[in-house]
Amino acid sequence: MSDTERYLALLNPEQREAVVHENSPLLILAGAGSGKTRVITTKIAYLIDEKHIQPYSILAVTFTKKAAKEMAERAVALEPLAADAQIRTFHSFGSWFLRKFADEAGVDKSFTVYDDDDMATLVSKAVPALSKQEAAKAAHKIALAKDYCLTPESKELAAVESSPDFPDVYAAYEKRLRETGNVDFGDLIMLPVITLNEYENIRAQMHYRFRVIMVDEYQDSNVAQFKLLQALAGVEEKSGTYVCVVGDDDQSIYRFRGAEVQNILTFQKHFPDTKLIRLERNYRSTASILAAADSIVRNNEDRLGKTLKAERGEGSKPVLVFLPTQDDESAFCADLIQKAHTKGCTYHDWAILYRTNAQSLGFETEFLHRKIPYTVVGSLKFYEREEIKDILAFLSLVANPKDEIAFRRIINKPARGLGDKTQDAVVEAARTAGGSLIDACREYAKSKSKKAQSGLNEFAALAEELAADLENVSSDSGIKLSAFIEKTADRSGLLEYHTSQDEVAGTQKAANIQELINSAVLYAESRQGLLDFLDAIELDRAPEEPGDETESDNVTLITLHNTKGLEFPRVIITGLENGIFPRQDKTGSDLEEERRLFYVGITRAKDELYITSCSIRRIYGRTEYMQPSQFLSEAGSGVFKVLGTPPAGYYGSSVSDGRNGDMMAENENPLAAKWCKGTRLYHDDWGYGQIISTESREGEYVITVQFESGSRKQFMPAYQSHSLMIVHD
DNA sequence: CCCGTCGTTATTTTT
DNA sequence: TAACGACGGG
């Protein structure tokens with residue numbers, strides 16, 4: 001048996017068809033857990049082994065570095081030659097392209113990438129009339145415009161932001177950004193598109209180079225990325241480039257950030273003769289979890305439509321739990337996890353999902369209290385922390401002395417007596433001279449009196465010294481970049497500044513800076529090494545966060561958005577309440593996106609799924625009465641096993657079997673109506689049971705419960721209802 | 001220019 | 001509730 005036969009044998013018929021398909025564009029609609037990564041990686045190996053495609057001319061793009069890394073590793077495991085294939089994120093491809101064709105694209109070869117924060121700062125400097133908030137809003141709109149590949153001159157710009165001065169704000173920002181030589185994230189996609197459209201020779205060069213292009217998570221691509229794919233593939237030129245995209249329209253959850261579901265819905269129109277293959281066999285979740293997922297997403301209108309078939313057993317029904325308050329919610333989750341842990345289930349098996357980052361707080365408090373180990377994924381990103389951005393800003397300024405944003409960030413940190421006024425003047429001087437900000441400091445210091453003078457010279461000397469250090473080391477000298485970063489942190493005074501902050505606020509800033517230093521050991525102490533390091537950080541931030549504890553036994557706390565591509569044996573999706581999830585008054589296509597988000601959450605679960613909904617929640621310090629999420633009633637009955645009692649007036653999936661209503665008419669005691677003979681119950685400690693008798697003792701209503709575990713207990717629902725929940729099947 | 005206090009305002013966010 | 005930004009006194 002050849003290697004090829006061996007790995008093809010691992011595939012089901014649809015997967016195999018997708019791998020061996022050739023000669024026309026291919027759209028793979030891959031449902032959650034249907035093995036799409038396996039298909040892509042096998043296809044890469046197959047193209048190299050059987051079709052003798054040069055690995056070098058295969059381009060596979062993903063959205064996250066994590067996905068790119070996993071894909072590369074798995075492809076290489078199948079075929080070592082795949083190490084030479086270009087497997088990268090859209091943005092890292094854009095970065096590669098822009099450095100290669102920097103002159104044509106109009107950027108500095110050694111550009112660094114501005115993030116959303118930097119964009120907002122630059123907008124406020126380019127258009128000083130705007131308040132901080134207006135600048136941030138404008139920056140967001142500019143990013144969105146770039147996602148749609150719109151320049152300040154584009155007629156369609158009004159669709160993004162109709163305000164009449166928006167094109168001017170955008171244009172002013174662009175002018176200022178080009179002056180720095182840097183780019184923003186949007187540029188990494190948009191500028192290559194513009195360059196490719198403008199230069200026929202570059203287009204031809206790319207067509208010659210890349211014979212196969214594959215795109216993962218295609219449902220989350222935006223218009224600019226679509227145009228990039230179109231230009232690279234050369235549909236109009238009939239370049240013969242093979243295009244294969246993989247995605248799932250039901251998992252499109254980044255529309256608010258410019259992702260365009262239409263890209264996948266209309267792919268066949270833009271790429272003639274497209275072959276469509278559906279992967280609908282799900283190898284991840286049990287049948288009853290998939291049934292729940294389908295009962296949600298089938299309420300969406302705008303979808304290509306597909307039904308997942310479970311390859312695993314039926315499994316246990318997902319459990320829907322109605323709880324009084326959010327505190328009960330975190331207690332319920334903690335109980336569930338602790339109980340499973342005593343039975344040998346690891347913490348690592350569990351994930352708690354929520355709509356907004358703020359919701360993690362309640363769980364953190366409860367878990368800390370109960371000593372349940374956990375990790376919060378996402379919320380405060382390492383590279384977005386103040387101290388890290390400070391050090392990176394200093395490094396960026398060394399790399400590019402025209403970097404205005406980096407300059408402003410650190411020139412007066414620690415305080416050197418150089419406030420806004422001085423900064424503006426220096427930046428202005430540098431802009432008119434068209435030169436370096438450091439030179440401008442020296443120049444401006446001459447015309448300035450005493451105090452500012454020494455500060456300016458001190459700062460300039462520091463920047464010059466560090467820059468000179470870097471130039472003096474020949475590249476490949478074997479010295480590590482981490483030594484240089486350590487020196488930068490030390491000499492700039494930033495390390496000392498943040499260490500003293502630690503003492504006041506009890507933070508971990510100094511330790512974080514040390515982590516940053518450590519992360520640079522693999523880079524050379526040279527100008528090129530620094531550029532590589534900054535590039536890697538800008539584009540690959542999320543994955544290898546220092547302190548990543550995926551190895552140890554922790555419960556995962558994570559937003560629904562962040563779970564894309566992940567899976568867990570046991571999942572709890574929390575906060576299923578109108579206003580929280582779906583958020584506020586989402587309607588139409590926004591509501592459909594929320595529904596897809598729920599779908600993504602459900603399909604993360606392999607074996608067990610729990611869903612919680614509270615009656616009372618504190619929002620912004622105010623106590624609000626919540627209604628269960630409309631998604632729950634849409635699911636219809638029979639999908640979930642229901643625990644607890646939904647708030648009055650809720651006619652969702654837990655409609656009573658008629659018994660409760662009948663009893664209410666016969667009995668004046670509301671407790672007796674609810675806690676009647678035959679009612680099925682769930683108790684935090686004793687598990688499932690049924691009421692076998694009821695009585696009144698000394699004026700108190702008492703029930704006797706027979707538990708499935710064998711034990712028989714008595715309870716007074718008036719006082720103990722918090723630990724007892726009624727089961728509605 | 002620095003630091004404290006008060007008032008305002010709250011999504012999701014691969015890169 | 002909490003966190004962050006705007007403003008005013010030192």
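Every read-out reported here was derived from the displayed coordinates using simple, explicitly stated rules and does not represent laboratory data. Keep in mind the model is a prediction, meaning the values are calculated, not measured. Glycine gets a Cβ as well: all are built from the backbone with ideal geometry, and neighbour counts include every protein chain shown.
Please report the net charge: other residues with Cβ closer than 13 Å to the Cβ of A:Glu73, K and R +1, D and E -1. Don't skip to the answer; put the middle values down first.
Values: positive: A:Arg38, A:Lys65, A:Lys66, A:Lys69, A:Arg74; negative: A:Glu70, A:Glu79.
It works out to a net charge of +3.
Considering only alpha-carbon pairs that sit under 8 angstrom and 6 or more positions apart, the relative contact order computed for the range A:45-114 is 31 percent.
Quick one: order A:Glu496, A:Glu458 by neighbouring beta-carbon count within 10 Å, fewest to most.
Values: A:Glu496 13, A:Glu458 16.
Placing the least packed residue first, the sequence is A:Glu496, A:Glu458.
A DSSP coil position with no more than 10 other Cβ atoms inside 10 Å describes the following trypsin sites (Lys or Arg not before Pro) in the range A:311-392: A:Lys343, A:Lys371. Compared with the dominant principal axis of the Cα atoms in chain A, helix A:386-399 is inclined by about 30°. Charges were assigned to the Cβ only: +1 to each Lys and Arg, -1 to each Asp and Glu. The resulting dipole of chain A about its Cα centre is roughly 380 debye. Per-residue ellipticity at 222 nm from helix content only, as computed over chain A with -39500 (n - 2.57) for each DSSP H run of at least four residues, stands at -13500 deg cm²/dmol. For the range A:599-638, applying the loop criterion from DSSP together with a ceiling of 14 other beta carbons within 10 Å to the chymotrypsin sites (Phe, Trp or Tyr not before Pro) yields A:Tyr620. Taking the DSSP bridge list for chain A and keeping only pairs wholly inside it, about 35 percent are antiparallel. Mean separation of Cα pairs under 8 Å and 6 or more residues apart, divided by the residue count, gives chain A a relative contact order of 14 percent. Dividing the mean sequence gap of close Cα pairs (under 8 Å, 6+ apart) by how many residues the range A:1-126 holds gives a relative contact order of 19 percent.
Taking neighbour counts of Cβ atoms within 10 Å as a proxy for exposure, in what order, fewest first, do A:Asp147, A:Asp590 appear? Before the final figure, lay out the partial values.
Numbers: A:Asp147 23, A:Asp590 15.
Fewest to most other Cβ atoms nearby, the residues stand as A:Asp590, A:Asp147.
When the C-alpha to C-alpha distance is required to be over 32 Å, the pairs from A:Lys564/A:Lys641; A:Lys317/A:Lys564; A:Lys125/A:Lys586; A:Lys69/A:Lys227; A:Lys109/A:Lys389; A:Lys343/A:Lys713 that qualify are A:Lys125/A:Lys586.
One Cα centroid belongs to the range A:11-53, the other to the range A:109-124; the line between them spans 39 Å. With neighbour counts taken as other beta-carbon atoms within 10 Å, the residues A:Leu591, A:Leu566, A:Leu26, A:Leu229 rank, fewest first, as A:Leu566, A:Leu591, A:Leu26, A:Leu229.
Each other residue within a Cβ distance under 9 Å of A:Asp249 adds +1 if Lys or Arg and -1 if Asp or Glu, for a net charge of 0.
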